[in-house]
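To keep things clear, I will list the structure first and then write my remarks on it.
The values are calculated or read from the model by the stated rules, or taken from the named source; none is laboratory data. Given the structure is predicted, the values throughout are model-derived calculations rather than measurements. Positions of Cβ are backbone-derived with ideal geometry, glycine not excepted, and every protein chain shown enters the neighbour counts.
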Amino acid sequence: MTRRKFMLASGVMAGIAAVAPRVLGAEKPEKQGGTKLSRFGDVVVPQEHEGKEKHVPYIQAPAKVKAGEPFMVTVIVGKDVPHPNLIEHHIKWIQVYAKEEGERPVVHVGTFDLGPTYAQPNVTVPVILKKSSTLYAIEYCNIHGVWDNSVKVVVE
Ligand SMILES: [Fe+2]
């Protein structure tokens, strides 16, 4: 029996054929494993799911700024109703992104990794924009997941 005939008879080739498309990248990423690929946006909690503990990040930024001049952006989680800040339930991190109008991709502005009980989920970062943009804030509660918000800033 030749090596090829042995492999065909034993089913080894069938196994290789089943694995090869994934290894070679022939299978489309959105169908890996035979199921549609989930997107990160799918796990962001919709704002309308807000409960008594406030998770939607409040973004404090001027509505209009001058091109190239720094301004302060503050993100607060629990502005009106404080979110718990305990080891077992706290805001772990806050991230800020900016996206200029048009086709440019979103850019990372800052990440704030917060320690429970000592750090408050209230962060401020100086920002410089060249064009009108949307600022995004996302935050992670270790119990209730990822929440987001956005504001537009016009650059004059
Ligand atoms: Fe929470």
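For the range 125-153, a residue qualifies if it is under 19 Å from the mean Cα position of the chain (by Cα) and more than 16 Å from the ligand (Cβ to nearest atom), and the qualifying residues are Val125, Ser133, Thr134, Leu135, Tyr136, Ser150, Val151, Lys152. For beta carbons closer than 7 Å, sequence separation of 6+ or different chains, a first residue in the range 82-107 that is at pLDDT 95 or above and a second that is among the acidic types (Asp, Glu) and assigned to a strand (DSSP E or B), the qualifying pairs are Ile91/Glu139; Trp93/Asp113; Trp93/Glu139; Ile94/Glu139.
The residues of the range 123-145 that are farther than 14 Å from Val96 by Cβ and touching a residue at least 60 places away in the same chain (Cβ under 8 Å), listed by number, are Lys130, Lys131, Cys141, His144, Gly145.
Please work out which residue is nearest to the ligand (Cβ to nearest atom), limiting yourself to the range 85-99 and to residues that are assigned to a loop (DSSP other than H, G, I, E, B) and surrounded by fewer than 16 Cβ atoms within 10 Å (Cβ to Cβ). Walk me through it before giving the result.
To start, the set of residues in the range 85-99 that are assigned to a loop (DSSP other than H, G, I, E, B) comprises 85, 87-88, 90.
Now restrict to residues that are surrounded by fewer than 16 Cβ atoms within 10 Å (Cβ to Cβ): 87-88.
Values: Ile87: 13, Glu88: 10 Å.
Among residues in the range 85-99 that are assigned to a loop (DSSP other than H, G, I, E, B) and surrounded by fewer than 16 Cβ atoms within 10 Å (Cβ to Cβ), the one nearest to the ligand (Cβ to nearest atom) is Glu88.
Residues in the range 111-156 that are at positive phi and in a strand (DSSP E or B): Gly145 alone.
From the list Gly78, Gly68, exactly one residue is loosely packed, with under 14 Cβ neighbours inside 10 Å and either touching a residue at least 60 places away in the same chain (Cβ under 8 Å) or more than 16 Å from the chain's Cα centre (by Cα) (or both). Which is it? So that I can check it myself, show each step before the final result.
Details: Gly78 fails: loosely packed, with under 14 Cβ neighbours inside 10 Å.
None of the others qualify; the one that does is Gly68.
For the range 51-78, residues that are in a loop (DSSP other than H, G, I, E, B) and under 16 Å from Ser132 (Cα atoms) total 8.
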